[in-house]
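Below is one structure, written out as C-alpha coordinates; comments come after it.
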Amino acid sequence: MGVFTFTTRDGACLAVEEQGRADAPVTVVLVHGWTLDRQSWRRVAHALPGRCGDIRVLRYDLRGHGQSDQAKPGGTTIEQLADDLAELLTELVPHGTVVLAGHSMGGMTTMALAQRHPELFAERVAAVALVATACGGLSGSTLGLPAPLGRTVIRGQSAFGKALVKRRVRRLSKYPTPLRPAMRWMLFGRQPEKIDVRETTAVIAGTSPLTLTGYLDDLFLHERREALAAFRRLPVVVLAGSNDRLTPQRCAEVIARELPQAELIVFPGAGHMLPLERSVQVTERIARLVNVVSEVPERV
(Lines give C-alpha, C1' and ligand atoms only; values in the text may rest on other atoms or scores of the structure.)
Protein backbone atom coordinates (compact mmCIF):
# COMPACT_ATOMS: atom_id res chain seq x y z
CA MET A 1 0.00 0.00 0.00
CA GLY A 2 1.26 3.47 -0.84
CA VAL A 3 2.49 5.63 -3.69
CA PHE A 4 5.11 4.43 -6.15
CA THR A 5 6.38 5.15 -9.66
CA PHE A 6 5.62 3.04 -12.71
CA THR A 7 7.91 3.57 -15.70
CA THR A 8 6.53 3.00 -19.19
CA ARG A 9 8.56 1.54 -22.06
CA ASP A 10 9.30 5.00 -23.43
CA GLY A 11 10.64 6.16 -20.07
CA ALA A 12 7.67 8.15 -18.77
CA CYS A 13 7.19 7.89 -15.00
CA LEU A 14 3.61 7.62 -13.77
CA ALA A 15 2.63 8.14 -10.13
CA VAL A 16 0.53 5.23 -8.87
CA GLU A 17 -1.33 4.86 -5.57
CA GLU A 18 -2.25 1.40 -4.30
CA GLN A 19 -4.55 0.05 -1.62
CA GLY A 20 -4.92 -3.62 -0.75
CA ARG A 21 -2.88 -6.75 -1.45
CA ALA A 22 -1.09 -7.12 -4.78
CA ASP A 23 -2.44 -10.67 -5.06
CA ALA A 24 -6.07 -9.77 -4.31
CA PRO A 25 -8.51 -11.64 -6.58
CA VAL A 26 -10.02 -8.40 -7.96
CA THR A 27 -8.23 -5.16 -8.84
CA VAL A 28 -10.19 -1.96 -9.44
CA VAL A 29 -8.33 0.58 -11.60
CA LEU A 30 -9.61 4.16 -11.35
CA VAL A 31 -8.74 6.44 -14.28
CA HIS A 32 -9.21 10.19 -13.82
CA GLY A 33 -10.18 12.93 -16.26
CA TRP A 34 -8.56 15.72 -18.25
CA THR A 35 -6.54 18.30 -16.23
CA LEU A 36 -7.32 16.42 -12.99
CA ASP A 37 -5.30 13.88 -11.02
CA ARG A 38 -5.80 10.67 -9.05
CA GLN A 39 -7.05 12.61 -6.01
CA SER A 40 -10.39 13.14 -7.73
CA TRP A 41 -10.99 9.42 -7.00
CA ARG A 42 -9.74 9.47 -3.40
CA ARG A 43 -13.13 9.12 -1.65
CA VAL A 44 -14.18 6.25 -3.88
CA ALA A 45 -10.80 4.54 -3.50
CA HIS A 46 -10.90 4.75 0.29
CA ALA A 47 -14.51 3.55 0.54
CA LEU A 48 -14.43 0.62 -1.89
CA PRO A 49 -12.62 -1.92 0.30
CA GLY A 50 -15.26 -1.49 2.97
CA ARG A 51 -17.93 -2.40 0.45
CA CYS A 52 -16.11 -5.19 -1.38
CA GLY A 53 -13.76 -6.90 1.05
CA ASP A 54 -10.51 -8.33 -0.28
CA ILE A 55 -9.80 -6.14 -3.30
CA ARG A 56 -6.93 -4.07 -4.60
CA VAL A 57 -7.49 -0.49 -5.75
CA LEU A 58 -5.10 1.27 -8.11
CA ARG A 59 -5.34 4.90 -9.17
CA TYR A 60 -2.69 6.82 -11.03
CA ASP A 61 -1.90 10.19 -12.56
CA LEU A 62 -2.23 10.11 -16.32
CA ARG A 63 0.71 11.17 -18.44
CA GLY A 64 0.98 14.97 -18.24
CA HIS A 65 -1.12 15.15 -15.08
CA GLY A 66 -0.48 15.36 -11.35
CA GLN A 67 2.84 13.88 -10.24
CA SER A 68 3.42 11.94 -13.46
CA ASP A 69 5.90 13.04 -16.11
CA GLN A 70 4.81 15.68 -18.57
CA ALA A 71 3.79 14.54 -22.02
CA LYS A 72 5.94 15.47 -24.98
CA PRO A 73 4.61 17.65 -27.82
CA GLY A 74 2.55 15.39 -30.05
CA GLY A 75 2.12 12.85 -27.24
CA THR A 76 -1.03 14.31 -25.71
CA THR A 77 -3.43 11.75 -27.19
CA ILE A 78 -6.03 9.40 -25.79
CA GLU A 79 -4.29 6.62 -27.74
CA GLN A 80 -1.12 7.22 -25.73
CA LEU A 81 -3.10 7.12 -22.50
CA ALA A 82 -4.64 3.80 -23.57
CA ASP A 83 -1.17 2.40 -24.30
CA ASP A 84 -0.01 3.55 -20.86
CA LEU A 85 -3.01 1.83 -19.26
CA ALA A 86 -2.28 -1.36 -21.21
CA GLU A 87 1.30 -1.37 -19.91
CA LEU A 88 0.16 -0.68 -16.37
CA LEU A 89 -2.32 -3.56 -16.45
CA THR A 90 0.21 -5.96 -17.98
CA GLU A 91 2.95 -5.16 -15.49
CA LEU A 92 1.10 -4.32 -12.29
CA VAL A 93 -1.96 -6.57 -12.60
CA PRO A 94 -0.66 -9.72 -14.32
CA HIS A 95 -3.26 -11.97 -12.64
CA GLY A 96 -6.81 -11.79 -11.39
CA THR A 97 -9.94 -9.95 -12.40
CA VAL A 98 -9.87 -6.28 -13.44
CA VAL A 99 -12.69 -3.75 -13.02
CA LEU A 100 -12.09 -0.44 -14.81
CA ALA A 101 -13.72 2.82 -13.79
CA GLY A 102 -13.04 5.83 -16.00
CA HIS A 103 -14.13 9.39 -15.32
CA SER A 104 -14.42 11.78 -18.29
CA MET A 105 -11.22 11.36 -20.36
CA GLY A 106 -10.53 8.30 -18.21
CA GLY A 107 -13.67 6.70 -19.64
CA MET A 108 -12.50 7.59 -23.13
CA THR A 109 -9.17 5.97 -22.31
CA THR A 110 -10.94 2.68 -21.49
CA MET A 111 -12.70 2.87 -24.88
CA ALA A 112 -9.37 3.42 -26.62
CA LEU A 113 -7.92 0.50 -24.63
CA ALA A 114 -10.61 -1.79 -26.03
CA GLN A 115 -9.90 -0.46 -29.52
CA ARG A 116 -6.10 -0.64 -29.41
CA HIS A 117 -5.60 -3.66 -27.15
CA PRO A 118 -8.64 -5.89 -27.73
CA GLU A 119 -6.98 -9.09 -26.51
CA LEU A 120 -5.94 -7.52 -23.23
CA PHE A 121 -9.34 -5.99 -22.78
CA ALA A 122 -11.17 -9.24 -23.57
CA GLU A 123 -8.97 -11.43 -21.37
CA ARG A 124 -8.56 -9.26 -18.28
CA VAL A 125 -11.37 -6.73 -17.95
CA ALA A 126 -14.49 -8.13 -16.30
CA ALA A 127 -16.61 -5.00 -15.76
CA VAL A 128 -16.56 -1.27 -16.55
CA ALA A 129 -17.93 1.90 -14.98
CA LEU A 130 -18.19 4.86 -17.36
CA VAL A 131 -18.52 8.04 -15.33
CA ALA A 132 -19.43 11.42 -16.87
CA THR A 133 -17.89 10.53 -20.21
CA ALA A 134 -18.68 10.29 -23.92
CA CYS A 135 -17.97 8.03 -26.87
CA GLY A 136 -17.75 11.01 -29.25
CA GLY A 137 -19.57 14.08 -30.47
CA LEU A 138 -17.56 16.58 -28.44
CA SER A 139 -16.41 18.67 -31.41
CA GLY A 140 -19.66 20.62 -31.20
CA SER A 141 -19.40 21.25 -27.45
CA THR A 142 -20.57 24.67 -26.25
CA LEU A 143 -20.13 24.13 -22.46
CA GLY A 144 -23.84 24.66 -21.95
CA LEU A 145 -23.62 28.20 -23.31
CA PRO A 146 -25.37 29.58 -26.39
CA ALA A 147 -23.54 28.10 -29.36
CA PRO A 148 -21.65 31.21 -30.59
CA LEU A 149 -20.54 32.16 -27.07
CA GLY A 150 -19.58 28.59 -26.16
CA ARG A 151 -17.42 28.14 -29.24
CA THR A 152 -15.77 31.50 -28.58
CA VAL A 153 -14.93 30.48 -25.00
CA ILE A 154 -13.42 27.20 -26.17
CA ARG A 155 -11.36 28.90 -28.88
CA GLY A 156 -10.16 31.47 -26.36
CA GLN A 157 -9.20 28.75 -23.88
CA SER A 158 -7.24 26.89 -26.55
CA ALA A 159 -5.49 30.03 -27.81
CA PHE A 160 -4.56 31.07 -24.26
CA GLY A 161 -3.08 27.67 -23.52
CA LYS A 162 -1.10 27.54 -26.75
CA ALA A 163 0.33 31.00 -26.04
CA LEU A 164 1.52 29.74 -22.66
CA VAL A 165 3.08 26.68 -24.32
CA LYS A 166 5.08 28.91 -26.65
CA ARG A 167 6.30 30.90 -23.66
CA ARG A 168 7.26 27.62 -21.93
CA VAL A 169 5.08 28.41 -18.95
CA ARG A 170 4.94 25.37 -16.67
CA ARG A 171 1.51 25.83 -15.10
CA LEU A 172 -1.73 27.53 -16.11
CA SER A 173 -1.85 29.92 -13.16
CA LYS A 174 -0.07 30.64 -9.90
CA TYR A 175 -3.29 32.11 -8.55
CA PRO A 176 -6.15 29.58 -8.54
CA THR A 177 -8.54 31.63 -6.41
CA PRO A 178 -9.80 33.90 -9.24
CA LEU A 179 -10.53 30.78 -11.30
CA ARG A 180 -12.90 29.23 -8.77
CA PRO A 181 -16.18 30.80 -9.96
CA ALA A 182 -15.57 29.63 -13.54
CA MET A 183 -14.52 26.14 -12.44
CA ARG A 184 -17.53 25.86 -10.15
CA TRP A 185 -19.87 26.77 -12.97
CA MET A 186 -18.20 24.57 -15.57
CA LEU A 187 -17.49 21.43 -13.55
CA PHE A 188 -19.99 21.21 -10.71
CA GLY A 189 -23.73 20.95 -10.34
CA ARG A 190 -25.95 22.47 -7.68
CA GLN A 191 -24.56 23.16 -4.20
CA PRO A 192 -21.07 21.63 -4.45
CA GLU A 193 -18.82 21.38 -1.42
CA LYS A 194 -16.53 24.40 -1.19
CA ILE A 195 -13.51 22.21 -0.51
CA ASP A 196 -14.16 20.24 -3.72
CA VAL A 197 -14.28 23.42 -5.79
CA ARG A 198 -11.17 24.78 -4.09
CA GLU A 199 -9.08 21.62 -4.45
CA THR A 200 -10.19 20.88 -8.01
CA THR A 201 -9.42 24.44 -9.10
CA ALA A 202 -5.96 24.20 -7.53
CA VAL A 203 -5.20 21.00 -9.45
CA ILE A 204 -6.35 22.51 -12.74
CA ALA A 205 -4.39 25.72 -12.13
CA GLY A 206 -1.28 23.61 -11.66
CA THR A 207 -1.76 21.77 -14.94
CA SER A 208 0.75 22.38 -17.70
CA PRO A 209 -0.53 24.40 -20.70
CA LEU A 210 0.54 21.53 -23.00
CA THR A 211 -1.74 19.15 -21.12
CA LEU A 212 -4.61 21.62 -21.37
CA THR A 213 -4.31 22.33 -25.09
CA GLY A 214 -2.94 19.04 -26.38
CA TYR A 215 -5.56 16.81 -24.83
CA LEU A 216 -8.31 19.32 -25.56
CA ASP A 217 -7.56 19.05 -29.27
CA ASP A 218 -7.66 15.25 -29.03
CA LEU A 219 -10.91 15.23 -27.04
CA PHE A 220 -12.61 16.89 -29.99
CA LEU A 221 -11.31 14.08 -32.24
CA HIS A 222 -12.53 11.32 -29.90
CA GLU A 223 -15.02 9.17 -31.84
CA ARG A 224 -15.14 5.63 -30.45
CA ARG A 225 -18.73 4.47 -30.59
CA GLU A 226 -17.63 1.34 -32.45
CA ALA A 227 -15.17 0.50 -29.67
CA LEU A 228 -18.13 0.02 -27.33
CA ALA A 229 -18.82 -3.33 -29.01
CA ALA A 230 -16.13 -4.81 -26.75
CA PHE A 231 -18.18 -3.74 -23.71
CA ARG A 232 -21.35 -5.61 -24.68
CA ARG A 233 -20.32 -8.87 -23.04
CA LEU A 234 -19.54 -7.14 -19.73
CA PRO A 235 -21.46 -5.73 -16.78
CA VAL A 236 -21.38 -1.96 -17.36
CA VAL A 237 -22.73 0.99 -15.43
CA VAL A 238 -23.03 4.42 -17.08
CA LEU A 239 -23.21 7.35 -14.66
CA ALA A 240 -24.11 10.94 -15.56
CA GLY A 241 -25.04 14.22 -13.92
CA SER A 242 -28.11 16.06 -15.15
CA ASN A 243 -26.21 19.38 -14.91
CA ASP A 244 -22.99 18.21 -16.59
CA ARG A 245 -21.81 20.87 -19.05
CA LEU A 246 -18.72 19.09 -20.37
CA THR A 247 -20.21 15.66 -21.15
CA PRO A 248 -23.97 16.29 -20.99
CA GLN A 249 -26.53 13.66 -20.09
CA ARG A 250 -27.17 12.95 -23.77
CA CYS A 251 -23.60 11.60 -24.07
CA ALA A 252 -24.40 8.94 -21.46
CA GLU A 253 -27.65 8.14 -23.23
CA VAL A 254 -25.77 7.51 -26.49
CA ILE A 255 -23.47 5.06 -24.69
CA ALA A 256 -26.42 3.33 -23.04
CA ARG A 257 -28.15 2.84 -26.41
CA GLU A 258 -25.02 1.13 -27.70
CA LEU A 259 -24.87 -1.10 -24.61
CA PRO A 260 -28.35 -2.56 -23.97
CA GLN A 261 -27.09 -4.53 -20.96
CA ALA A 262 -25.69 -1.44 -19.26
CA GLU A 263 -27.33 0.29 -16.32
CA LEU A 264 -27.76 4.03 -16.92
CA ILE A 265 -28.04 6.22 -13.83
CA VAL A 266 -28.49 10.00 -13.96
CA PHE A 267 -27.95 11.97 -10.77
CA PRO A 268 -30.28 15.00 -10.64
CA GLY A 269 -28.50 18.27 -9.99
CA ALA A 270 -25.00 16.81 -10.27
CA GLY A 271 -22.36 18.15 -12.61
CA HIS A 272 -19.26 16.67 -14.20
CA MET A 273 -17.32 15.82 -11.02
CA LEU A 274 -19.33 12.79 -9.96
CA PRO A 275 -16.47 11.04 -8.07
CA LEU A 276 -16.56 14.04 -5.71
CA GLU A 277 -20.15 15.27 -5.94
CA ARG A 278 -21.72 11.82 -5.65
CA SER A 279 -18.87 9.79 -4.21
CA VAL A 280 -21.10 7.57 -2.06
CA GLN A 281 -23.36 6.62 -4.97
CA VAL A 282 -20.44 6.15 -7.38
CA THR A 283 -18.73 3.90 -4.84
CA GLU A 284 -21.93 1.89 -4.47
CA ARG A 285 -22.25 1.30 -8.22
CA ILE A 286 -18.62 0.27 -8.67
CA ALA A 287 -18.90 -2.01 -5.63
CA ARG A 288 -21.88 -3.71 -7.22
CA LEU A 289 -19.80 -4.42 -10.32
CA VAL A 290 -17.00 -5.85 -8.19
CA ASN A 291 -19.38 -8.08 -6.28
CA VAL A 292 -21.03 -9.30 -9.48
CA VAL A 293 -17.74 -10.36 -11.06
CA SER A 294 -16.32 -11.79 -7.82
CA GLU A 295 -19.60 -13.35 -6.63
CA VAL A 296 -19.03 -11.97 -3.15
CA PRO A 297 -22.00 -10.61 -1.15
CA GLU A 298 -21.88 -6.83 -0.88
CA ARG A 299 -21.04 -5.41 2.53
CA VAL A 300 -23.39 -2.78 3.86
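The values are calculated or read from the model by the stated rules, or taken from the named source; none is laboratory data. What you see is a predicted model, and the numbers here were worked out from it, not measured in a lab. Here the Cβ positions follow ideal geometry from the backbone for every residue, glycine too, while neighbour counts run over all protein chains shown. Surface accessibility is based on the protein's heavy atoms, side chains included, excluding ligands, DNA and RNA. Shrake-Rupley method; radii C 1.70, N 1.55, O 1.52, S 1.80 Å.
What does the extension gain come out to for residue 122 and residue 233, with contour length at 0.36 nm per residue minus their alpha carbon separation?
Separation in residues times 0.36 nm, less the Cα-Cα distance, equals 39.0 nm.
Take every DSSP beta bridge with both residues inside the range 1-71 and express the antiparallel ones as a percent of the total, to the nearest 5.
For the range 1-71, the DSSP antiparallel bridge percentage is about 60.
Remind me, relative contact order of the range 210-278 in percent, using alpha carbon pairs under 8 angstrom and six or more residues apart?
Once normalised by length, the contact order is 33 percent.
Cross-link candidates for residue 162: which lysines have Cα within less than 28 Å, leaving aside residues fewer than 8 places away along the same chain?
Here the lysines satisfying the reach criterion relative to residue 162 are 72, 174.
Quick one: compute the contact order of the chain, relative version, from alpha carbon pairs under 8 angstrom and 6+ residues apart, as a percent.
Working: 617 pairs, mean separation 65.6, N = 300.
Relative contact order, the chain: 22 percent.
Can you give the accessible area per residue of the chain, in Å², using a 1.4 Å probe? Write out the running numbers ahead of the final one.
Details: 13090 Å² over 300 residues.
Each residue of the chain exposes 44 Å² on average to a 1.4 Å probe.
Can you give the convex hull volume per residue for the Cα atoms of the range 37-148, as a whole number of Å³?
So the per-residue Cα hull volume is 136 Å³.
Which shape class applies to the range 224-294: rounded if a/c is under 1.5, otherwise prolate when a/b exceeds b/c and oblate if not, where a ≥ b ≥ c are the square roots of the Cα gyration tensor eigenvalues? Let's see the in-between values first.
Details: a/c = 2.44, a/b = 1.16, b/c = 2.11.
Oblate is the answer for the range 224-294, as a/c is 1.5 or above yet b/c matches or exceeds a/b.
Report, to the nearest whole %, how much of the accessible area of the range 189-274 belongs to carbon and sulfur atoms, 1.4 Å probe, protein only.
51 percent
Calculated from DSSP H runs of 4 or more alone, at -39500 (n - 2.57) each and per residue, what is the 222 nm mean residue ellipticity of the chain, nearest 500?
-13000 deg cm²/dmol
Give the carbon-plus-sulfur fraction of the accessible surface of the range 1-128 in %, rounded to a whole number; probe 1.4 Å, heavy atoms of protein chains only.
Details: 2200 of 4410 Å².
Summing carbon and sulfur atoms, their accessible area is 50 percent of the total for the range 1-128.
When the label point is put 7 Å from the Cα of residue 22 along its Cα-to-beta-carbon vector, which residues of the range 84-105 have a backbone N closer than 11 Å?
Only 92-94 pass the distance filter.
Where a ≥ b ≥ c are the square roots of the eigenvalues of the C-alpha gyration tensor, would you call the range 176-233 rounded, which needs a/c under 1.5, or, failing that, prolate if a/b is larger than b/c, or oblate? Walk me through the numbers before you get to the answer.
Working: a/c = 3.12, a/b = 1.68, b/c = 1.86.
In terms of gyration-tensor shape, oblate.
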